[in-house]
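Notes follow once the structure below has been shown.
The values are calculated or read from the model by the stated rules, or taken from the named source; none is laboratory data. Being a predicted model, the structure only gives us computed values, none of them experimental. We place every Cβ from the backbone using ideal geometry, glycine too, and count neighbours over all the protein chains shown.
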Amino acid sequence: MLDNKNVSIRSASVGAMDNNVYVLTAKNSGVQVIIDAADDLPRIQALLEEGAADLYGGPAEAAVRMIITTHSHPDHVQALAGAVAATGARTAAGAEDIPAIPVPTDVPLAHGDVLDFDGFDLEVISLRGHTPGSVALLYRDPDGPAHLFTGDSLFPGGLGNTQKDPQRFDSLFADVFERIFEYLPDDTVVHPGHGSGTTLGAERPHLAEWKERGW
C-alpha cells in the first residue's frame, strides 16, 4: 500500500497473466475508485474492504464511485461485470475501446478529461497504440510525486505490445513521449498493468533505444 496525504493506493496481482488491480481511496470521504477490474473479484473486494476499514462507516462496495478500464483487452476486464454488480459503480474507458469491452461503459474518456472523486482527481491521458482507446490515469499528489497508472502502454523497460506494427508503435511512442515524458517530472511513479512499478526518471534514458528497436 502507498499512503499519501489525501489518498491511499492499494494493488494486487490477479489472474493467470498477473494483472495489476489498483484501488484508490480518498481519505476525507472514503470514496474509492478501481482501476482495471482484471480478475479475482474476491481479491478486489478485499482491497476495497482494506481501504474502507478506517475511513468509511458503511459497506466497502457502497463507497466505490467508478471502475476505470485502461484498455479493452480481455485480461483487464474478467472481473468487471462482477465488480459492477457488487458495487453499482459507474464504468469508464477510453471512447475508442468501448465497443470491445463486454460490459456497458457509462463514461467515455477522452484525452485531457479530469475526473473528480470528492478528495482527489484523476487526469486522463490517451495513449494510442496498444489499443486505439488506451488511457493512463494521473493522480497528482500535492505533497509528493505524481502517480501514473499506465495500463499496458508503459512498463519498466519499454512500451506495450503493438504486434510489430510500425504505425501502432510510432503512435504509442509519440503519445508516451509527448504526453508523459515531456509532460511529467522524473519522480513520477509509474504503476503498470502487469509487473513491478518504475519511475519516469528510471526509464527516460532508454527512450532512444526503444525508438530504435521499434518495441
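Scan segment 76-85 and tell me whether some residue there is free of Cβ contacts under 8 Å to residues at least 12 places away in the same chain, assigned to a helix (DSSP H, G or I) and surrounded by fewer than 20 Cβ atoms within 10 Å (Cβ to Cβ). Please lay out each step first, then the result.
Here is the first cut: in segment 76-85, the ones free of Cβ contacts under 8 Å to residues at least 12 places away in the same chain are 85.
If we keep only those that are assigned to a helix (DSSP H, G or I) as well, we get 85.
Applying the additional criterion that residues be surrounded by fewer than 20 Cβ atoms within 10 Å (Cβ to Cβ) yields 85.
Within segment 76-85 (the criterion being free of Cβ contacts under 8 Å to residues at least 12 places away in the same chain, assigned to a helix (DSSP H, G or I) and surrounded by fewer than 20 Cβ atoms within 10 Å (Cβ to Cβ)), the answer is yes, since at least one residue qualifies.
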Please indicate, with yes or no, whether at least one residue in segment 208-215 is at pLDDT below 95 and in contact with a helix residue (DSSP H, G or I) (Cβ under 8 Å, 6 or more places away or on another chain).
-> yes
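Output the number of residues of segment 106-133 satisfying the condition of being surrounded by 22 or more Cβ atoms within 10 Å (Cβ to Cβ) and touching a helix residue (DSSP H, G or I) at 6+ places or on another chain (Cβ under 7 Å). Let's see the steps before the verdict.
The initial filter retains those residues of segment 106-133 that are surrounded by 22 or more Cβ atoms within 10 Å (Cβ to Cβ), namely 109, 120, 122, 125, 127, 129-131, 133.
Among the residues that remain, those that are also touching a helix residue (DSSP H, G or I) at 6+ places or on another chain (Cβ under 7 Å) are: 109, 125, 127, 129-131, 133.
Total meeting the criteria: 7.
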Log entry, pairs with first residue in segment 4-20 being closer than 15 Å to Val189 by Cα and in contact (Cβ under 8 Å) with a residue 12 or more places away in the chain, second being surrounded by 18 or more Cβ atoms within 10 Å (Cβ to Cβ) and β-branched (Val, Ile, Thr), beta carbons closer than 6 Å, six or more apart or on different chains, reads Ser8/Thr25; Arg10/Val23
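Surrounded by 14 or more Cβ atoms within 10 Å (Cβ to Cβ), farther than 11 Å from Gly158 by Cβ and without any contact (Cβ under 8 Å) to a residue 60 or more places away in the chain: is that true of Ala174 in this structure?
Values: surrounded by 14 or more Cβ atoms within 10 Å (Cβ to Cβ): yes; farther than 11 Å from Gly158 by Cβ: yes; without any contact (Cβ under 8 Å) to a residue 60 or more places away in the chain: yes.
Yes.
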Kindly indicate whether any position in segment 50-66 is assigned to a loop (DSSP other than H, G, I, E, B), touching a helix residue (DSSP H, G or I) at 6+ places or on another chain (Cβ under 6 Å) and either at pLDDT below 95 or over 25 Å from Asp175 (Cα atoms) (or both).
-> yes
Could you identify the single residue in Val103, Val33 that is at pLDDT 95 or above, in a loop (DSSP other than H, G, I, E, B) and farther than 23 Å from Glu178 by Cβ?
-> Val103
